[in-house]
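**Student:** Structure in C-alpha cells, see below.
The values are calculated or read from the model by the stated rules, or taken from the named source; none is laboratory data. All values reported here derive from a predicted model rather than from experimental measurement. All Cβ positions, glycine included, derive from the backbone under ideal geometry; neighbour counts span all protein chains shown. Just so you know, the surface numbers come from the protein's heavy atoms only, side chains and all, with ligands and any DNA or RNA stripped out. Shrake-Rupley method; radii C 1.70, N 1.55, O 1.52, S 1.80 Å.
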Amino acid sequence: MLDDPATNKEYASIAGDAAFVNLALKFAYGADADMEKLAGVQSLSGTGACRIGGHFFSQFLPGDEKKIIYVPSPTWGNHIGIFNKCGLEVRRYRYYDASTNGLDYDGMVEDLSDAPEGSVILLHACAHNPTGCDPSLDQWKSISDLMKTKSHHVFFDSAYQGFASGDAEADAAALRLFVAEGHNVALAQSFAKNFGLYGERCGTFSLLCNNADEKEKVMSQLKLIIRPMYSSPPIHGSSIVRTVLSGDELKDQYYEECAHMANRIKSMRNLLVDKLKEAGSTHDWSHVTEQIGMFAFTGMNSDMCDELTSEYAIFLTRDGRISLAGLNDNNVEYVAKAIHSVTDGKSITTSS
C-alpha cells in the first residue's frame with residue numbers, strides 16, 4: 001500500500017471501494033459467486049451493514065403493516081437497537097437452551113414455523129454470539145427448507161468467518177448452502193475480528209438478486225439509504241483487506257495466520273476445561289469445548305459473574321460469556337480456580 005502511487009485519501013464512492021467489495025463478497029459467497037446478481041456495498045463494519053439491511057427491509061418489504069424481524073434469543077445486544085431504529089418490529093426465536101447449555105434446535109424450528117409468512121429471519125452465519133452454538137450442516141439444511149416453506153427473508157450476520165473454525169471456507173458453509181438452495185439471502189459482513197480491524201469499521205452489506213437488472217435497482221436504493229446516513233465509508237481498512245485478498249501470497253499467509261489464532265483459542269477451550277477439572281470442579285463443562293468461536297457461554301449466572309469481577313478481577317459480560325482470546329498459558333489456571341470457586345455446589349444449567 002505504501003508503494004502504490006495511486007494511493008490517496010480522496011472520498012470513496014457512496015457504495016465504497018468496488019474492488020474491495022468484489023473481493024469481500026467472493027470471500028463470503030465463494031470464488032464462483034455470481035457477481036452479476038450480487039448487489040453489494042461497503043459498510044461501517046457489521047453494525048453499519050445491519051443498519052443498511054434493516055433499513056432496506058423496513059422500506060421495501062411488501063405490506064403496509066410494520067415489518068417484522070426475528071433474532072435469536074440470545075443474540076448480540078446491538079441487534080435489538082439497530083433494527084428498532086430501522087423501524088422494524090423485533091421479535092425473538094428460541095435458540096439457546098440454558099438447561100442443557102446447548103442449541104435449542106426444536107424450539108428454534110417451532111418458532112420459525114410459527115412466525116408470520118414473509119418475516120425477516122436473522123441468522124448468525126457461524127460462531128453464534130454470544131453462545132458459540134451453531135447448527136450442524138444437516139440442521140442448516142432443514143432450516144433452509146423451512147424458510148422456503150414460509151417464504152421468509154434470510155438475513156445472515158457474518159462477523160467471525162475464518163475465526164470460528166480456522167477455515168474461512170468451512171465457516172461460510174451455511175451461507176453458501178442457503179445460496180445453493182435458492183434463497184435471495186442478505187448478508188452483513190464484518191472484518192473487525194477476522195482481520196483485526198476493529199477501529200477501521202470495515203464491512204459490506206449485500207443482497208442476492210434474481211438478475212442483473214434487479215441488482216441495479218437494489219444498488220440504487222442502497223445508495224439512497226447510505227448517502228444521508230454517512231455519505232461514504234472509510235477507506236483505510238478496506239484497502240488492507242483488498243490488498244491481502246488480491247494476491248495468493250498475502251492471502252495464503254492470512255489463511256495460515258487466521259487458522260493459527262483460531263487453533264490457539266480452541267486449545268484454550270480444552271485447557272480451561274482441564275484446569276477446571278484439576279481445580280476440583282464436578283460440573284459437566286463439555287459445552288465449553290463443543291462451542292466455537294472467540295467466546296465461551298459458560299452457564300454462569302449474573303451473581304457468579306459479579307463475584308468473578310469483584311473478588312478475582314476477571315471481567316466478563318453478566319450473561320456468563322467469557323472471551324477465550326484473553327486466556328493464555330499463564331492465566332488460565334487462575335481463571336479456572338476462580339470459576340470453580342464461584343460455581344462450586346451451584347447450578348450452571350439454569351439462567352438467573
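**Student:** Which length gain, in nm to one decimal place, applies between Asn84 and Ala18 when the Cα-Cα distance is subtracted from 0.36 nm times their residue separation?
**Tutor:** 20.8 nm
**Student:** For percent of Cα pairs over 27 Å apart, several values are listed as (i) 48; (ii) 65; (iii) 53; flag the one computed from this structure.
**Tutor:** Answer by label: (i).
**Student:** Can you pull the semi-axes for segment 186-260, root of five times each eigenvalue of the Cα gyration tensor, sorted largest first, whole Å?
**Tutor:** They are 27, 16, 11 Å, listed largest first.
**Student:** Also, quick follow-up: Want the number for Arg91 to Asn211: 0.36 nm per residue separation, take away the alpha-carbon distance, what's left?
**Tutor:** Once the chain is fully extended between Arg91 and Asn211, it gains 40.1 nm.
**Student:** In nanometres, what is the gap between the two model label sites at Glu36 and Ser142, each 7 Å from Cα along Cα-to-Cβ?
**Tutor:** 3.8
**Student:** Zone of Met229 (label point 7 Å along Cα→Cβ, backbone N under 15 Å): which residues in segment 49-91?
**Tutor:** Of the residues in segment 49-91, 49-61, 79-88 have backbone N under 15 Å from the label point off Met229.
**Student:** Which of Lys141/Lys223; Lys223/Lys251; Lys67/Lys217; Lys37/Lys66; Lys26/Lys215 have a Cα-Cα distance over 23 Å?
**Tutor:** Lys141/Lys223; Lys223/Lys251; Lys37/Lys66
**Student:** Suppose R0 equals 56 Å; then what is the FRET efficiency for Glu117 and Asp248 from their Cβ-Cβ distance, rounded to the nearest 0.05?
**Tutor:** With R0 = 56 Å, the Cβ-Cβ based efficiency is 0.80.
**Student:** In addition: How much accessible area per residue does segment 170-236 have, counting only protein heavy atoms and a probe of 1.4 Å, in square angstrom?
**Tutor:** Averaged over the residues of segment 170-236, the accessible area is 40 Å².
**Student:** Mind checking the dipole of segment 1-140: about its Cα centre, +1 per Lys or Arg Cβ, -1 per Asp or Glu Cβ, Debye to the nearest 20?
**Tutor:** Approximately 540 debye in magnitude.
**Student:** For Lys85, give me every one of the aspartates and glutamates with a C-alpha distance below 19 angstrom, ignoring sequence neighbours fewer than eight places off in its own chain.
**Tutor:** Counting by Cα, and skipping residues close in sequence, Lys85 has these aspartates and glutamates nearby: Asp64, Glu65, Asp157.
**Student:** Between Phe315 and Lys26, what is the label-to-label distance in nm when each label sits 7 Å out along the Cα-to-Cβ direction?
**Tutor:** 4.1
**Student:** Same structure again: Between Asn129, Ser220, Phe178, whose Cα lies farthest towards the positive end of the dipole of the chain when Lys and Arg beta carbons carry +1 and Asp and Glu beta carbons carry -1, centred on the Cα centre?
**Tutor:** Final value for the positive-end residue is Ser220.
**Student:** Right, here's the next one. Would you please calculate the Kirkwood hydrodynamic radius of segment 1-138 over all C-alpha pairs and express it in Å, rounded to one decimal?
**Tutor:** 17.5
**Student:** Of all accessible surface on segment 40-95 at a 1.4 Å probe, what whole percent is carbon and sulfur?
**Tutor:** 48
**Student:** Sticking with this one: Which FRET efficiency value, to the nearest 0.05, is calculated for Asn330 and Asp4 with the Förster distance at 45 angstrom and r the Cβ-Cβ distance?
**Tutor:** Using R0 = 45 Å, I get an efficiency of 0.65.
**Student:** Once both labels are modelled 7 Å past Cα along the beta-carbon direction, what's the Ser267-Thr349 spacing in nm?
**Tutor:** 3.2
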